[in-house]
Amino acid sequence: MALPKLFRFSFDASARCRRGTQTTIADRRSRITFPTSCNRGVSRCSGLVLLAVLVCSGCQDDTDLVRDIQNRRQANQQSQSERDHLGEAFRLLRQYIDLEPKKADRQIAFHLNRWSESITPGKAAPPELLKSIRDLMTSEQFADRVSSAKFQPSDAEHLRDCYLFHQLFNWVDVPIHDEHLLTDWLKDQEKTLGAEPVETLRSASRLFDWTVRNIALEPNVPSTPAPPGPTFPFEMVFQGPGYRQSNYQTVMRGIGDGLQRAGVFTQLCRQAGIPAAVIGTIDSTTGNVAPFCVGVLAGDEIYLFEPTLGIFVPGPDQVGIATLSQARRDAVILRRLGIAGLDKFTYPVTKEDAQQCAALLNLKPEAVSPRMQQLQSGLTGDRRMNVYVDADALAAKFDAVTGISNVQIWRVPLLAEIYRERCDDHAQRDPLFMFWYLARWAMLDADFEMAKKLARGRWQHLTGQFSDIEEEGIEGARTLYLEQRAPEFEIEDLRIDVELQKSYGIRRELGIDAETYDKQVSQIQDLMRMGKRTATYWLSLLQADDDRLDTAEGWIQKRVLDEEQQSFWVPPARYNLARLAEALGDTERAIELYKREGEPQEHGNRIRARLLAKQTDDE
C-alpha cells in the first residue's frame, strides 16, 4: 500500500548517484540477454555444421543422422533457454529487497512460465488437508493458488520466503551455533537413536536457538495503545496473536509473539528438510486446537520445542529434549515448565491435555500446487530450496505417532494475509489509523534512503552476506548497519542544514509549505534515531552470529544498553547478553541476568537458568 504523505519524500538525483541507485528490472535483464546477432551466429554455425555433414556424406541416405543432429541442437538450445529463464527468476529473488514488488512479481512469474513450457508438468492433486483452510479462500483464489499449472505473480511471495529461509538455514546450521545445553545428551543419543535422527535434532536445536535469540518476544496481546482497528472475519480480532504479521515480516523485523516464532522455526525446518509441525491440544468439547509447542519428527518420536518460553521442553530428569510420548506418560515433564513458588509461571498445559493433540503444518496453498512440484524438480545446485511439500505424505508421518489424532494445515498464514488486507484497506480510510499502522516500522519500510539501506542490511544479514564483496560492489550487512549510525549532532542538524538534507537524498517537493516540510524532516529524524538503534542491536546479533562473542558483548553493553539509546530492543538485548555470558563461560552472571524480573521472556529465562545451574552442578 502507498505510504501517507508524511512518509513520502522526493530525492535529489545527485544524492542517488552518490548513495547508490536501484537498477530497474529491465536494466538487470538487459545485462544477461544475449544480442540477437549472437543468436543468429549460433544458428549460422549450426547450419554450417549440418551442411558439412551433408556434403561429406555424399549421396548416402543420412536422414537419421541429420535428424539426430537437429534433435540434439534443439535440445541444447531448449536447455539453454530453460537455464536462462530459471536463472533470471533466481536473480530477481536474490535482489528482491531492492526491487519494486509488483513489477518483480510479474517478472518472476513470466520467467518461470517460460522455463516451464518445455518441462514435464507437475501431477500433484490438491491434498485432502486443504479442507482445513478451504473456507479461507474463494473458488477463484483456490483455482489460482492451488490448482493452476501456470505460475502467478502472487507466487513470488512464497518463493521469496523459501529463498530467504533457505539462505538463512544454510549458515545457521553449523557447529558454531550448537545449543550447548544439549551437546552431551546428543552424543549419548547416537548410541540408541542412530546418527540420522540425532543429526536432525542437532540441526533443529540450532535453528530453534537462532530463532529465540533473534526474534524478540512480544506478548500475544500487545499492551501498547492503538487506535480502533477494522473488523475481521473468521473470529479474528485486531492485534490478535500469530496473524498480526507474516513469517516474512517476523524474521525481517526480528520481533514476534510465540506463534510467530513458531512460524519462523517451522519455515527454517522445512528448508532444512526436517519434518516439523505446530503441536496443539484439542478441546474435547469444541474441537478447537490450542497450539503450545513445535514438534520435530526424528525417528519415530516427536520432540518438543516451546517457542513462547524460548526453550526446548526438558526431558526426564531435566536432561535432553522431551518427546510427546514422554509428556503424555509423565506428568512431571510439562509440570516442570512451571516455576516453583511463582504461580504466575504455572504452565497451562498438563499431561491430561496432551493425550490427544493436533499437528498443524505451516504451509501456504502455493506450496502444494502442481507448478511448485514442477519447479522443485528443476532446483539443483545453488538454486536448491524447498518450494513444494507433499502435504498428505508429511501428514501421514505425523499421524503415525501415538498422541496425534488430527493433522491439519495451519490457518495462521492465511489469516495473516486477510489481517493485512483488512488493515491496508482501513488505513486508506482512516488517516489516524494509517499513521499508527505504518509508523513503527517506517524505519524499515518507508521510501527514503536510510530505510532502504536498513532493509537491505537486514536482508544481507539473513542471507548470510555479512561482509562486503568489493570486487562486485556489494555492501554486506555489517557496512549497511554501520551506515545507519549517524552521529546525534548530524541527525539534529538535519532539520536546519539543507546541504545535509541533500546528502541524505531528501528534498522539498513542489507545493509543500515550510511548516509541513519541517514536520516531515522531524519525522525523518525520529525514524533515523530508531533506525540507528535498531541497526546497533542487529549489528550486535550479527557479531554473535559471526562467532565474535566478545565484540557482540561489547556492542550490547556499551551501545544497545546505553541509557541515552533506550528502545524496545533493550529486553531482548539483555537476554542476548545473558546468552553471551553463558557462551563465554560466565555462568554465574548469565543466571543472574536470566532471573531478572519483569522481562517479556522471564518465564522461559528462569527455566534456562535452572537447566544451566543443573549442568554446572553435574560437571
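Normalised per residue, the accessible area of the range 355-420 is 34 Å², obtained with a 1.4 Å probe and no contribution from ligands, DNA or RNA. Listed by chain and number, the aspartates and glutamates whose alpha-carbon sits under 14 Å from that of residue 102, ignoring those within fewer than 8 places in the same chain, are 155, 157.
Membrane-span-like helices in the chain, defined purely by DSSP H runs whose alpha carbon atoms cover 27 Å or more axially and whose average Kyte-Doolittle hydropathy reaches 1.0, are 36-56. Identify the trypsin sites (Lys or Arg not before Pro) of the range 292-361 meeting these criteria: DSSP loop state and at most 13 other C-beta atoms within 10 Å of the C-beta. Those that pass, being in a loop and sparsely packed, number zero. Could you list the residues of the range 384-418 with an amide nitrogen less than 19 Å from a label point located 7 Å from the Cα of residue 239 in the Cα-to-C-beta direction? Of the residues in the range 384-418, 416 have backbone N under 19 Å from the label point off residue 239.
Using the heavy atoms of the protein chains and a 1.4 angstrom probe, tell me the accessible area per residue for the range 509-619 in square angstrom.
Values: 5060 Å² over 111 residues.
For the range 509-619, the per-residue accessible area is 46 Å².
Spacing of the modelled spin labels on residue 495 and residue 141, each 7 Å from Cα toward Cβ, amounts to 4.5 nm.
When the surface is traced with a 1.4 Å probe over the full set of protein chains, residue 177 keeps roughly 10 Å² accessible. With each label modelled as a point 7 angstrom along the Cα→C-beta vector, the residue 479-residue 518 pair spans 3.9 nm. For the range 514-618, the set of GluC sites (Glu not before Pro) satisfying both a DSSP loop assignment and a count of at most 14 other C-beta atoms within 10 Å is given as 597. What is the Cα centroid distance between the range 398-435 and the range 223-263, reported in whole angstrom? The distance from the Cα centre of the range 398-435 to that of the range 223-263 comes to 8 Å.
Carbon and sulfur together cover what percent of the accessible area of the chain at a 1.4 Å probe radius?
On the way: 14300 of 28860 Å².
Result for the chain: 50 percent of the exposed heavy-atom area is carbon or sulfur.
Loop-located trypsin sites (Lys or Arg not before Pro) in the range 466-523 (DSSP state other than H, G, I, E, B) with a sparse environment of at most 15 neighbouring Cβ atoms within 10 Å: 485, 495.
Note on residue 344 and residue 428: the extension gain reaches 26.1 nm, defined as 0.36 nm multiplied by sequence separation minus the Cα-Cα distance. For the cross-link pairs 191/614; 364/532; 452/519; 123/397; 123/191, which exceed 30 Å when the distance is taken from alpha carbon to alpha carbon? Too far apart for the 30 Å limit: 364/532; 123/191.
The values are calculated or read from the model by the stated rules, or taken from the named source; none is laboratory data. Nothing here was measured: the structure is a model prediction, and the numbers come from that model. Every residue, glycine as well, gets a Cβ built from its backbone with ideal geometry; the counts of neighbours run over all protein chains shown. These area figures cover heavy atoms from the full protein model, side chains too; ligands, DNA and RNA do not enter into them. Shrake-Rupley method; radii C 1.70, N 1.55, O 1.52, S 1.80 Å.
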